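Bear in mind that the values in this text are calculations on the coordinates, not laboratory data. Keep in mind that this is a model prediction, so the values were computed, not measured. Ideal geometry is used to build each Cβ from the backbone, glycine not excepted, and the neighbour counts take in all protein chains shown.
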């Protein structure tokens, strides 16, 4: 699954072109130590607009759509590890810590509240 294919499926389901290249971040599952999950690097200024995330997993043949509404996270620098003016996050794919940012220096932010829908491919 590519970012463009996933955005098309989501926009078709929503009935509107809500996801664009500018407001959507795409990540494939990647290893991190003994865990697997999704790496996100989100510029702090983009938290002022609606953000969409597509978390793809080729092993399980599914992807998830997450949305963070504009200004929903007011101080991302306090929630995530900082790197070059951006929030760095690693969301675990493993249960029971699924979708929790596991990086040192972060607040262990739980992204499950932002899940909109899960898709099979």
* **Residue check, residue 77 free of Cβ contacts under 8 Å to residues at least 40 places away in the same chain, in contact with a strand residue (DSSP E or B) (Cβ under 8 Å, 6 or more places away or on another chain) and on the phi > 0 side of the Ramachandran plot** => no
* Structure fact -> Residues of segment 28-45 being in a strand (DSSP E or B) and touching a residue at least 12 places away in the same chain (Cβ under 8 Å), in sequence order, are 28, 32, 35, 36, 37, 38, 39, 40, 41, 42, 43
* Matching option when the condition is part of a loop (DSSP other than H, G, I, E, B) and either out of contact with any strand residue (DSSP E or B) (no Cβ under 7 Å at 6 or more places or on another chain) or closer than 18 Å to residue 117 by Cβ (or both), among 8, 97 -> 97
* Structure fact -> Being more than 23 Å from residue 4 (Cα to Cα) and touching a helix residue (DSSP H, G or I) at 6+ places or on another chain (Cβ under 9 Å) narrows 94, 87 down to just 87
* Residue that is farthest from residue 45 (Cα to Cα), among those in segment 11-27 that are more than 17 Å from the chain's Cα centre (by Cα) and in a loop (DSSP other than H, G, I, E, B) -> 15
* How many of the residues making up segment 46-90 are under 18 Å from residue 8 (Cβ atoms) and part of a strand (DSSP E or B)? -> 11
* Taking the residues in segment 23-46 that are closer than 22 Å to residue 84 by Cα and out of contact with any strand residue (DSSP E or B) (no Cβ under 7 Å at 6 or more places or on another chain) as candidates, determine which candidate is surrounded by the most Cβ atoms within 10 Å (Cβ to Cβ). => 46
* **In segment 100-121, the residues that are assigned to a strand (DSSP E or B) and under 14 Å from the mean Cα position of the chain (by Cα)** => 100, 101, 110, 115, 116, 117, 118
